[in-house]
Amino acid sequence: MDFAVTEEFRQLHSRIRDFVKNTLDPLSLQVEKEENIPEEIVADIRKLGLFGMPVPKEYGGLGLTTVEEMLVYEELTQTNACYRSRIGTSNGIGSMGIVYDGTEEQKRRYLPRIASGEWTTAFALTEPDAGSDAANIRTAAVLDGDHWVLNGNKVFITNADAAQLFTTIVLTDETKRASGGVTAFIVEKGTPGFSVGAADLKMGLKGSHTHELVFKDCRVPTENVIGGMERVGQGFRTAMKVLDKGRLSMGACSLGASQKVLQLCAERIRRKTAAGTPKDDLQADQFALADMATQIYAARQMLYHTAWLRDQGKNVSQQASMVKLFCTEMASRIADMAMDIFEEDGCLTENQIEMFLRDVRLYRIYEGTSEIQRIIISRELLK
């Protein structure tokens, strides 16, 4: 294994680290309170090219490898998680369907606008009765001449208020469903019959908004089937490929958050020691710190080994589920341990611990719950 990165990426990584430390983190509590990322911060993110990390260079993106992209996400999540969500959803599940399976015309039409940050994207799969069980979607489309007519609802759609393009997974054959009856569409903002509902009130990621999407006789041209009409019925496969990488991203987010929580806990223990608390009284906290660091070390190896395998062209569906399961569960454990170390001060948002506790809990749901990951892993083991 060789996790080496280019000098060009090292320089970008250094700029991102400085950006997180000097720009994003100082605004973290403001974003949490106002539940919004200032537009000037989004503009700075565009200037860094972070909306085009995985987009190939020929379409205006940075063309980062999976390893490089995960390194960026690890940095971005050592502060308020909503920053990464604003970038990562557009970089990942919102646009990767076009990168993987789009026609050349679709790539040239959309990817440069996505890579520049001019257009934000979203991924519309989850429905009121089809979250983890994605094969059970009910939003349906019927062909009418040179358009597909979509009807149904999607829920908890990240970036819906900011997005100009929605990768939308829809049922096109009730009899086949996931086995050839699901199709991926590109739905543009402003398409007649398509609307965005009110923002959800959530326990975490307050600066990252989720909304319901409503499709009511929404007419989408046939050229907006991802991959063209020959890929009608192949949308479930597209969605699963997109989610494989999304699960690695959730691992990187969990890793970054855990690393920051570890740092905050170490600083807390040092302050207690400096204030004269006997070291023997802090032994439980010290042991907790050691356990945190050990789990983070294990998570880092899993994540980057799997990212490296993906860069080698390997199928990592099982490993991606393992990464997602282990890293997100780990992040929740570490945040909970941190609450014990901070005691009553952990409840104060200004200390960030309770914010991380709320945010990382959602990682166990995004891109498939922990239970879904266990199903995927065990299914592979029993083949």
Check Leu262, Leu309, Leu357 and return the single one that is closer than 30 Å to Ile376 by Cβ, touching a residue at least 60 places away in the same chain (Cβ under 8 Å) and in a helix (DSSP H, G or I).
Leu262
Taking the conditions exactly as written (in a helix (DSSP H, G or I), open to solvent by less than 50 Å² (accessible area, probe 1.4 Å) and either in contact with a strand residue (DSSP E or B) (Cβ under 9 Å, 6 or more places away or on another chain) or aliphatic (A, V, I, L, M) (or both)), does Val214 satisfy them or not?
no
Scanning the stretch 100-123 residue by residue, those part of a helix (DSSP H, G or I) and among the β-branched types (Val, Ile, Thr) turn out to be Ile114
Quick check on the stretch 325-332. Is at least one of its residues out of contact with any Asp or Glu (no Cβ under 8 Å at 6 or more places or on another chain) and either of a type in the set (D, E, K, R) or assigned by TED's automatic domain parsing to the domain that holds Val72 (or both)?
yes
So, in the stretch 41-63, exactly how many residues are open to solvent by 30 Å² or more (accessible area, probe 1.4 Å) and outside any helix (DSSP H, G or I)?
5
What number of residues within the stretch 1-31 are under 20 Å from the mean Cα position of the chain (by Cα) and either under 30 Å from Glu105 (Cβ atoms) or not assigned by TED's automatic domain parsing to the domain that holds Glu105 (or both)?
0
Does Met1 qualify as being of a type in the set (A, V, I, L, M, F, W, C) and open to solvent by 20 Å² or more (accessible area, probe 1.4 Å)?
yes
Is it fair to say Phe51 is farther than 21 Å from Ser208 by Cβ and hydrophobic (A, V, I, L, M, F, W, C)?
no
Total residues in the stretch 124-155, condition modelled with pLDDT of 95 or more, in a strand (DSSP E or B) and either of a type in the set (Phe, Trp, Tyr) or in contact with a helix residue (DSSP H, G or I) (Cβ under 6 Å, 6 or more places away or on another chain) (or both):
1
If you check Gly97, Gly88, which single one turns out to be more than 19 Å from Ala257 (Cβ to Cβ), of a type in the set (Gly, Ala, Ser), out of contact with any Lys or Arg (no Cβ under 6 Å at 6 or more places or on another chain) and not in a loop (DSSP other than H, G, I, E, B)?
Gly97
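Of all residues in the stretch 326-342 being of a type in the set (A, V, I, L, M, F, W, C) and closer than 14 Å to Ala299 by Cβ, which is most open to solvent (accessible area, probe 1.4 Å)?
This residue is Phe326.
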Could you tell me which numbered condition Val72 fails, if it satisfies all but one of (1) over 13 Å from the mean Cα position of the chain (by Cα); (2) at pLDDT 95 or above; (3) assigned to a helix (DSSP H, G or I)?
(1)
Regarding Ala320, is this residue in contact with a Lys or Arg (Cβ under 6 Å, 6 or more places away or on another chain), part of a helix (DSSP H, G or I) and at pLDDT 95 or above?
yes
In the stretch 104-156, anything aromatic (Phe, Trp, Tyr) and open to solvent by less than 40 Å² (accessible area, probe 1.4 Å) is listed as Tyr110, Trp119, Phe123, Trp148
If I filter the stretch 32-40 for residues that are touching a residue at least 24 places away in the same chain (Cβ under 8 Å), within 20 Å of the chain's Cα centre (by Cα), open to solvent by 10 Å² or more (accessible area, probe 1.4 Å) and within 27 Å of Pro112 (Cβ to Cβ), do I get at least one hit?
yes
Among Ala124, Ala130, Ala115, Ala81, which is touching a strand residue (DSSP E or B) at 6+ places or on another chain (Cβ under 8 Å) and hydrophobic (A, V, I, L, M, F, W, C)?
Ala124
How many residues are out of contact with any Ser or Thr (no Cβ under 7 Å at 6 or more places or on another chain) and under 30 Å from Glu34 (Cα atoms) when one looks only at the stretch 167-190?
4
Regarding Thr294, is this residue of a type outside the set (Gly, Ala, Ser), under 30 Å from Asp101 (Cβ atoms) and either open to solvent by 60 Å² or more (accessible area, probe 1.4 Å) or under 22 Å from the mean Cα position of the chain (by Cα) (or both)?
no
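The values are calculated or read from the model by the stated rules, or taken from the named source; none is laboratory data. Just so it is clear, the model here is predicted, and its values are computed rather than measured. With ideal geometry, Cβ positions are generated from the backbone for all residues, glycine too; neighbour counts draw on all protein chains shown. Please note that ligands, DNA and RNA were not included when accessible areas were found on the heavy atoms of the full protein model with its side chains. Shrake-Rupley method; radii C 1.70, N 1.55, O 1.52, S 1.80 Å.
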